[in-house]
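Reviewing the structure listed below.
The values are calculated or read from the model by the stated rules, or taken from the named source; none is laboratory data. Please read all numbers here as calculations on a predicted model, not as lab measurements. Cβ coordinates were reconstructed from backbone atoms using ideal geometry, including for glycine residues, and neighbour counts include every protein chain displayed. Areas reflect the complete protein model, heavy atoms only, side chains present, ligands, DNA and RNA absent. Shrake-Rupley method; radii C 1.70, N 1.55, O 1.52, S 1.80 Å.
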Amino acid sequence: LNTTPNNFFNSVRSIGIGTSDPHIRYDRTSQRWFLSIIDVKFPNNRLLVAVSNTSTITPSTTWGFFFVQTAVGTHTNCFADYPTPGVDANAIYVGVNQFCGSTLNTAGYAGSDLIVIQKSSVLGAGPIYATAFPNLGSFTLQGVDNADPAATEGYVIATSNTSWSQLDLFRVSSPGGLSPTRSAALNVNTANQGNPITQPHLGNTGRTNGNIDGGDNRLFAATYRNGSLWTAMTVGTTVSAGNCIGTADAVAATRN
């Protein structure tokens, strides 16, 4: 496919508004490709979804295009940022971080929401069916991929908003139905995470001010395989005598 994200999602993005934060997932249970992205309209932007009709992408692949309006609960006059999808046999689970305010430049973080999209509603012509769960109380909700065709519940995992030594796991029941529900957070204890420090790099002439931003401790893509949930994150370190020293012992850090 030789095109831009804006052109690819042109039929569902807000008129004249660009796109950002793409993700691609291949779902083994349906043998389809799922693409997600946001447009950058403020306020109340859209979550955009494209679904292939085959397992192999070619110039003749037919795509279904859909969108979800991201205004959820009290999160109006907001921008839903950093969509984090996971796909299983029943649904697409997308977390978004909501930034609310009078303008995009002055908007502040107001919480993280979960959007559960009924997968069967986007495998054909639609319409898309989505259920939103606002303000789960955790940071950067990460949908979990699961290739088990017999799965009956979905999973979402996130970093804690209250503890540097905790992850929050949510279960979604009846994810393929019209009225999915989600559990309270199951707290998973971890080693002390900490935010990563800025990173020196070759050719940096600005010293500390020229370092690469290390980001924060949000989780990256998560997957469920053979009874175990796997995810990854960047954790805080300190530098001693030019060496990176973890914030926890080696065994705990590896386990984390």
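Give the residue, chosen from Leu178, Leu169, that is closer than 26 Å to Ile24 by Cα, hydrophobic (A, V, I, L, M, F, W, C) and over 19 Å from the mean Cα position of the chain (by Cα). Step through it out loud before you land on a result.
Values: Leu169 fails: over 19 Å from the mean Cα position of the chain (by Cα).
Just a single option satisfies the conditions, and that option is Leu178.
Of the residues Ser102, Ser30, Ser60, which single one is more than 19 Å from the chain's Cα centre (by Cα), part of a loop (DSSP other than H, G, I, E, B) and buried (at least 17 other Cβ atoms within 10 Å of the Cβ)? Break it down stepwise before answering.
On the way: Ser102 fails: buried (at least 17 other Cβ atoms within 10 Å of the Cβ); Ser60 fails: buried (at least 17 other Cβ atoms within 10 Å of the Cβ).
After ruling out the rest, the residue left standing is Ser30.
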| said: Scan region 139-162 and tell me whether some residue there is closer than 18 Å to Ala71 by Cβ and touching a strand residue (DSSP E or B) at 6+ places or on another chain (Cβ under 9 Å). | reply: yes
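Taking Leu123 as the residue in question, decide whether it is touching a residue at least 60 places away in the same chain (Cβ under 8 Å), open to solvent by 10 Å² or more (accessible area, probe 1.4 Å) and hydrophobic (A, V, I, L, M, F, W, C).
yes
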Note on Gly73: of the conditions (1) crowded, with 21+ Cβ neighbours inside 10 Å; (2) more than 13 Å from the chain's Cα centre (by Cα), unmet is (1)
Residue count, region 78-99, condition touching a strand residue (DSSP E or B) at 6+ places or on another chain (Cβ under 6 Å), farther than 12 Å from Leu47 by Cβ and open to solvent by 30 Å² or more (accessible area, probe 1.4 Å), comes to 1
Flagged in region 2-27 as touching a residue at least 60 places away in the same chain (Cβ under 8 Å) and either in a helix (DSSP H, G or I) or more than 21 Å from Phe99 (Cβ to Cβ) (or both), in numbering order, are Arg25, Asp27
Asn53: free of Cβ contacts under 8 Å to residues at least 24 places away in the same chain, over 16 Å from Pro175 (Cβ atoms) and in contact with a strand residue (DSSP E or B) (Cβ under 8 Å, 6 or more places away or on another chain), yes or no? yes
